[in-house]
Amino acid sequence: MSSDFEAYEQDVGTLTAEITNKIGRIPKLAGEEKTQLVLNVDKQLEEVRELLEQMDLEVREIPIQSRGMYNSRLKSYKQEMEKLEKDFKRSRIAYSDEVRNELLGDDGSSSESQRAHLLDNTERLERSSRRLEAGYQIAVETEQVGQEILTNLHSDREKIQRSRDRYFRYMCDCAGRILNSTRYFS
C-alpha cells in the first residue's frame with residue numbers, strides 16, 4: 001500500500017515541478033502560445049488533484065500506526081497544491097489583463113488619455129456644480145419674493161377686514177339712528 005502512495009508521491013512531485021515552471025513562463029508569453037500553456041497547466045493541475053485524491057484513499061488503507069506520517073505528507077502536498085493554484089490564478093489574472101489591454105488597445109498613452117478624460121470630467125462636474133448653485137440661488141430669491149407677496153397680501157387682507165368692520169359698524173350706527181329718529185317722530 002505504501003508503495004502505491006510513494007508512486008503517487010513521485011508523480012505529484014514531477015507534475016508540481018512542471019506546473020511551477022510553466023506558471024513562471026505564462027506572463028512572459030503572448031497570443032496562442034500563452035493560451036495553450038494556460039490550458040496545459042489547468043489540465044496538469046486537475047491531474048494533481050486526482051493524484052491527491054488517490055493518495056488520500058491510500059492513506060485510509062494504511063495501518064493506524066503509520067497513518068500519521070503519511071497524513072502529514074499528504075497535508076503538505078495539499079498545501080503545496082493550494083499555493084500552486086493561487087500562483088496560477090495570479091498568472092492568469094496577469095494574462096487576462098494583457099488580453100484585455102490587447103482587445104481594448106491600451107498602451108503607454110492610456111495614462112495620458114485617462115488623465116485628459118479625468119480633467120474633462122472634472123471640468124464638466126464643476127460646470128454642473130455652478131449651474132446647481134445658480135439654480136439654488138434663484139430658488140432662494142423666488143422664495144423670498146413669494147414670502148414678501150404673502151406678507152403684503154396678509155397686510156392688505158387685514159386692511160380690507162378692518163374697513164369692512166368699520167363700514168358694518170357705521171351702517172349699524174346709521175340704521176340705529178334712523179330707527180331712533182323714526183320713534184321720536186312717531
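The values are calculated or read from the model by the stated rules, or taken from the named source; none is laboratory data. None of the values given here were measured: they were computed from a predicted structure. Note that we place each Cβ from the backbone using ideal geometry, even for glycine, and neighbour counts take in every protein chain shown.
Since SER113 meets every condition but one in (1) at pLDDT 85 or above; (2) outside the structural domain of ASN21 (by the TED database), which condition does it not meet?
It is condition (1) that SER113 fails.
Within segment 57-68, which residues are surrounded by fewer than 16 Cβ atoms within 10 Å (Cβ to Cβ) and acidic (Asp, Glu)?
Within segment 57-68, just GLU61 meets the criteria.
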